[in-house]
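This report refers to the structure that appears directly beneath it.
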Amino acid sequence: LGAVISAITGTLWYMDSTPMGKWHMQYLGFDKYDQVYGVEVSRTTDKALVQVTLAPGLADSYGDGKTEHGFNAAGRVQFDLGPSTALVASGIFRDGTQIEPKNGSAGLAFGFAPTKRISNWTQGDIRHNTLDGSSFVFINETAFEATRGLWLKLSPQYRGEAGPQPQVMRWAVAAMLLPRTHFGVETSYYRDKPKGSDDAIHVWLLQFHAYL
């Protein structure tokens, strides 16, 4: 039940292909390999997890003569509503810098697994910055274990219009094979349909994962 304080000097490896979708990571600003100096405080109980992170800014902004470092703050609260159900609320704030306006986002997510072979995750996020205004992102992912180690996923995703970015509806289909404990192979297909465009954008990915 005690608090755990850890100093973080790491790299945020949030790839464009994270399970919750490319848009969500781009909206949070984690689609780049940026190093962040900061402190994280967490507290865990039997049915809840609380995490708070405070960071003075990106590591790249130190030593280059800039006076603005872009203060970062983030928080996450997770409640275990049952043995297979979780509710998560999260938020992040970034102060404005010379290259990025002040921005922040808040989200709510609900996940449950009705059986051992089926899981569902639904997440909604609102993002706001002083340049483009507010936008909404919705992501749902349903995963089904067709056979031992083979997961099939279906994910509708929506991103609202914000500044120069148009409204987009995405469908994602994926298959992930986990032949061993620390390794996996995943293939994904994305179909994006921007509002006002007659043509859809099709993307196919093949990835190899190693879990250390």
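Go through the residues of region 120-131 one by one and say whether even a single one is farther than 25 Å from A86 by Cβ, touching a residue at least 60 places away in the same chain (Cβ under 8 Å) and open to solvent by less than 40 Å² (accessible area, probe 1.4 Å). No, because not a single residue in region 120-131 is farther than 25 Å from A86 by Cβ, touching a residue at least 60 places away in the same chain (Cβ under 8 Å) and open to solvent by less than 40 Å² (accessible area, probe 1.4 Å).
In summary, L87 fulfils each of the numbered conditions (1) at pLDDT below 90; (2) in contact with a strand residue (DSSP E or B) (Cβ under 6 Å, 6 or more places away or on another chain); (3) of a type outside the set (S, T, N, Q) with the single exception of condition (1). The sole residue among A109, A143 that is hydrophobic (A, V, I, L, M, F, W, C), under 18 Å from L177 (Cβ atoms) and open to solvent by less than 40 Å² (accessible area, probe 1.4 Å) is A143. All conditions but one from (1) modelled with pLDDT under 95; (2) open to solvent by 50 Å² or more (accessible area, probe 1.4 Å) apply to L152; the one that does not is (1). Residues of region 77-124 that are closer than 16 Å to F138 by Cβ and either in a loop (DSSP other than H, G, I, E, B) or not aliphatic (A, V, I, L, M) (or both): S90, S105, G107, F110, G111, N120, W121, T122, Q123, G124. Inside region 155-174, residues that are open to solvent by 30 Å² or more (accessible area, probe 1.4 Å) and either in a strand (DSSP E or B) or aromatic (F, W, Y) (or both) make up a count of 5. Just to be sure I understand, how many residues within region 184-212 are in a strand (DSSP E or B), out of contact with any His (no Cβ under 7 Å at 6 or more places or on another chain) and open to solvent by 40 Å² or more (accessible area, probe 1.4 Å)? Here the count works out to 12.
The values are calculated or read from the model by the stated rules, or taken from the named source; none is laboratory data. Not measured: the values here are computed from a predicted model. Reconstructed Cβ throughout: ideal geometry from the backbone, glycine too, with neighbour counts over all protein chains shown. Heads up: the accessible areas ignore ligands, DNA and RNA and are worked out on the full protein's heavy atoms, side chains in. Shrake-Rupley method; radii C 1.70, N 1.55, O 1.52, S 1.80 Å.
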